[in-house]
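Undergrad: Just passing along the structure, written as structure tokens.
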């Protein structure tokens, strides 16, 4: 029995990392990779010691995208079953209450770009190559990208990128907001881990509430007023605010993991 196609480790305190491990296929995502993520994520997301996630690939490559060979020969039932599986994974990532960081090392195409866009922070290098090959294959974009990509870069950039099929470099991705952090190619993974470690220090409940409202915008300003009142009513009476206020009052850095000031009157 060979190595698992998804490697899980803890590269920093409170950070779990999941890496695609199919170097012979440039880490292309097939059923086994998706299933590996699906099996690993629930336990990680239920573990209170895990406060941030990192997605990446082995050997300096994020992923060549969906394994095209596995798409051939499907009937309609098979195609729908494929997307039930894909969407199960997408919902786990999009629904994660904790920060999700993606290390876009080297080559990143199709499905894995969609995976990254479901998270919170993307790290790229100048040599990163990002591809959206859907139309060239006679397919429409999937993994939620017709929603998530325009949200990140705007409709005009999204339409241009998806229609042209041109390769997007890391510097251009950073310029238009597809990538959040641009570093030297050799530093992409380490930077993704350090960003995740920093995010892990944030107040977990406050972050989760902010993330949910950003991902699911209110239909009106009045509805947003109601949501913020609901959230702040919980947070203002909770341990994270007590810790934050105690840190502010005593001119120290807040510790939202140990919450030393949460029990003070």
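Nothing in this text is a laboratory measurement; each read-out follows from the coordinates by a stated rule. Note that the coordinates shown come from a computational prediction; the quantities given were computed from them, not determined experimentally. Don't worry about glycine lacking a Cβ; one is built from the backbone with ideal geometry, like all the others, and counts go over all protein chains shown.
Undergrad: For residue 247 and residue 186, compute 0.36 nm times the residue count separating them, minus their Cα-Cα distance, and round to one decimal in nm.
TA: Contour length minus the Cα-Cα distance gives 18.3 nm.
Undergrad: Per DSSP helix of 4 or more residues, -39500 (n - 2.57); summed, then divided by the residues of the chain. What does that give at 222 nm, rounded to the nearest 500?
TA: -14000 deg cm²/dmol
Undergrad: Now for a separate question. Springs between alpha-carbon atoms under 10 Å, Gaussian network over the chain: tell me which of 186, 109, 69 tops the mean-square fluctuations.
TA: Ranking 186, 109, 69 by mean-square fluctuation puts 69 first.
Undergrad: Let me ask something else about it. Given points 7 Å out from each Cα along the Cα-Cβ axis, report the residue 77 to residue 166 separation in nanometres with one decimal.
TA: For residue 77 paired with residue 166, the spin-label model returns 4.5 nm.
Undergrad: OK, next. If one takes the longest principal axis of the Cα atoms in the chain, at what angle in degrees, from 0 to 90 and to the nearest 10, does the Cα axis of helix 239-249 lie?
TA: 60
Undergrad: Which of 103, 208, 233 moves most in a GNM of the chain, Cα contacts under 10 Å?
TA: Checking each option, the largest mean-square fluctuation is seen for 233.
Undergrad: State the percent of C-alpha pairs, over all pairs in segment 132-265, separated by a distance greater than 17 angstrom.
TA: Summing the P(r) of segment 132-265 above 17 Å gives 72 percent of all pairs.
Undergrad: Hey, got the Cα dimensions of segment 204-249 along the principal axes, in Å, largest first?
TA: 37, 17, 14
Undergrad: Quickly rank 46-57, 161-172 as a protection proxy: mean count of other C-beta atoms within 10 Å, highest first. Can you show the working numbers first?
TA: Numbers: 46-57: 20.3, 161-172: 16.8.
Descending mean neighbour count gives 46-57, 161-172.
Undergrad: Given an 8 Å cut-off on Cα distances and at least 6 residues of separation, report the relative contact order of segment 122-220 as a percent.
TA: Rounded, it is 39 percent for segment 122-220.
Undergrad: Normalised by the number of residues in segment 6-199, what is the relative contact order in percent for Cα pairs under 8 Å and 6+ residues apart?
TA: 22
Undergrad: Here's a follow-up. How much length would be gained if the chain were fully extended between residue 176 and residue 208, taking 0.36 nm per residue of separation minus their Cα-Cα distance, in nm to one decimal?
TA: Values: separation 32, 0.36 × 32 = 11.52 nm, distance 2.57 nm.
Additional length available on full extension: 9.0 nm.
Undergrad: With a 10 Å cut-off between alpha carbons and a GNM built on the chain, which of 16, 206, 64 moves the most?
TA: The residue that fluctuates most here is 206.
Undergrad: Could you sort 116-129, 30-43, 189-202, 248-261 so that the peptide with the highest average Cβ count within 10 Å comes first and the rest follow in order?
TA: Ranking, from highest mean packing down: 116-129, 189-202, 30-43, 248-261.
Undergrad: No solvent, one uniform scatterer per C-alpha: report log10 I(q)/I(0) for segment 31-151 via the Debye equation at q = 0.11 1/Å, two decimals.
TA: -0.37
Undergrad: From the list [x] 16.4; [y] 14.7; [z] 14.0, can you say which value of mean projected area of the Cα convex hull in nm² was derived from the structure given?
TA: [x]
Undergrad: Can you pull the one-decimal nm distance between simple spin-label points at residue 9 and residue 140, each 7 Å off the Cα toward Cβ?
TA: Result for the modelled spin labels: 4.1 nm.
Undergrad: So, R0 is 22 Å and r is the distance between the beta-carbons of residue 84 and residue 43; what FRET efficiency does that work out to, to 0.05?
TA: 0.55
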